[in-house]
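Please treat every number below as a calculation from the coordinates, not as lab data. The shown structure was predicted, so the numbers you read here are calculated from the model rather than taken from an experiment.
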Amino acid sequence: MKRIKIGMLGLFIAFFWIGGVHAQQKVVRILAIGNSFSQDAIEQNLHELAAADGFTAVIGNLFIGGCSLERHVRNARDDAFAYAYRKIGIDGKKVERRNVSLAQALADEQWDYVSLQQASSFSGMYATYEVSLPELVSYVSERIPKKTKLMLHQTWAYAASASHSGFRNYDNDQLTMYHASWKP
């Protein structure tokens, strides 16, 4: 009888431990370094979509409206406390801090994914990526775990009726912007 109790206790501990490890693996931590497009893309429904697929998400959004890759690089070089940082915790509650630096947000969690985003008006202009993206990738990579996956957050084309000044980069044509932004 004593052996059975010890065996049952061992099984209980094993299941409890394995369940705890499994639960920890189902928490996904995602940080976006972007602008208003990252607000739209990850703050609206991503937490709920992750939950619907059985994942718990911690979502960080480090942003400045209209921020380009070039500006992200300048902010990294200067260690600028220039961002708003919104974080949606495991509980789904959103908390916002102001005057946060790239380094602070990168150190806030053991991120599984970090996305980098170009300003929408430059999203279809390849040369703007060549100039700034390598330095930004290097900066971020030095501050995150090796397991973290870097992603490029690709924006969508403006509405055909858009009045955004950056739309001129695409001759105010939605299809031109779409094709420029989605080159393979």
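Summary table below
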read-out	value
Cα-only Debye scattering, the range 27-153: base-10 log of I(q)/I(0) at q = 0.12, 0.17, 0.20, 0.23 Å⁻¹	-0.40, -0.82, -1.14, -1.46
Hits among aspartates and glutamates - C-alpha to C-alpha of LYS94 under 17 Å, sequence gap 8 or more where chains match	ASP40, GLU43, GLU48, ASP108, GLU109
